Amino acid sequence: MLIDAHRSLLLLIDLQERLAPAIDQMEQVAQHNLWLLRLAQRLSVPVAATVQYPAGLGAMLPELAAHVAPCNIVEKIHFSAVADGCLPQLADFSRPQIILTGTEAHVCVLQTALDLLSAGKEVFVVADAVGSRRAENRLLALERLRQEGCRIVSREMVAYEWLHRAGTELFREINRTFLR
């Protein structure tokens, strides 16, 4: 099954100021999330984000929050955004495909992904845009997510599937701006 730009929502999980310094390879995770955000915006793919207990973990990273409408950033207390009940308030949550990124891969990303699967969503976890405090927890999370039925993808896989074809002006623009 391919990712379809007209059927998907990019959902960033808990990319927050006070959590970020503890995440392994966080600079790369943040850069890859920004890349996906900018690409989604250019292709008119809706974007939403969660923040876990912002009083303790801080606001969403400002360089990412600048690209997400405030009404599409929802707060939660549960590790799973589904269990928290905050996702249905998002205008585009009715889309069947959810592209997941964020932190921590083995906690909030994993629990949200599994609950999304149980709710009937098609879940794609972007391996190069998720992180955990320890690298081994990220790897274990990706392995478990795959075992449970999530599709593990790279950000370039997302890009090419959203584009669907070459030979268009849009493809040439995205290729020059994002893929080269």
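The values are calculated or read from the model by the stated rules, or taken from the named source; none is laboratory data. For clarity, every value in this text was computed on a predicted model and none was experimentally measured. No Cβ is skipped: glycine too gets one built from the backbone with ideal geometry, and neighbour counts run over all protein chains shown. SASA here: full protein model, heavy atoms, side chains in, ligands and nucleic acids out. Shrake-Rupley method; radii C 1.70, N 1.55, O 1.52, S 1.80 Å.
If you take every DSSP beta bridge fully contained in the range 1-122, what fraction is antiparallel? Give it as a percent rounded to 5.
Counting DSSP beta bridges with both partners in the range 1-122, the antiparallel share is about 5 percent.
Which Cα, out of H6, F79, L114, lies furthest along the positive dipole direction of the chain (beta carbon charges, K/R +1, D/E -1)?
Positive-most Cα among the choices belongs to H6.
Once Rh is set to the Kirkwood radius over Cα pairs, what Stokes-Einstein translational diffusion coefficient, in µm²/s, holds for the range 59-105 at a temperature of 4 °C and a viscosity of 1.567 mPa s?
Using the Kirkwood radius from Cα pairs, D works out to 108 µm²/s.
Just check the chain against the gyration tensor rule for me: Cα atoms, a ≥ b ≥ c as the square roots of the eigenvalues, rounded for a/c under 1.5, and otherwise prolate or oblate depending on whether a/b exceeds b/c.
Cα axes put the chain in the rounded bin.
Given the rule -39500 (n - 2.57) for each run of at least 4 DSSP H residues, summed and divided by the residues of the chain, what is its mean residue ellipticity at 222 nm, to the nearest 500 deg cm²/dmol?
-10000 deg cm²/dmol
So how strong a dipole does the chain carry about its Cα centre when Lys and Arg Cβ are +1 and Asp and Glu Cβ are -1, to the nearest 20 debye?
340
Using a 1.4 Å probe over the heavy atoms of the protein chains, calculate the carbon and sulfur portion of the accessible area of the range 1-148 as a whole percent.
Answer for the range 1-148: carbon and sulfur cover 51 percent of the accessible area.
Over the chain, with the other protein chains present, what is the accessible area per residue in square angstrom, probe 1.4 angstrom?
Per-residue accessible area for the chain comes out at 47 Å².
Sorting E156, E27, E173 by accessible area (1.4 Å probe), largest first, what list results?
Per-residue accessible area, sorted high to low, gives E27, E156, E173.
Return a whole-number percent for the relative contact order of the range 67-180, with Cα pairs under 8 Å and 6 or more residues apart as the contact set.
Computed value for the range 67-180: 21 percent relative contact order.
Which Cα, out of G167, V125, T101, lies furthest along the positive dipole direction of the chain (beta carbon charges, K/R +1, D/E -1)?
G167
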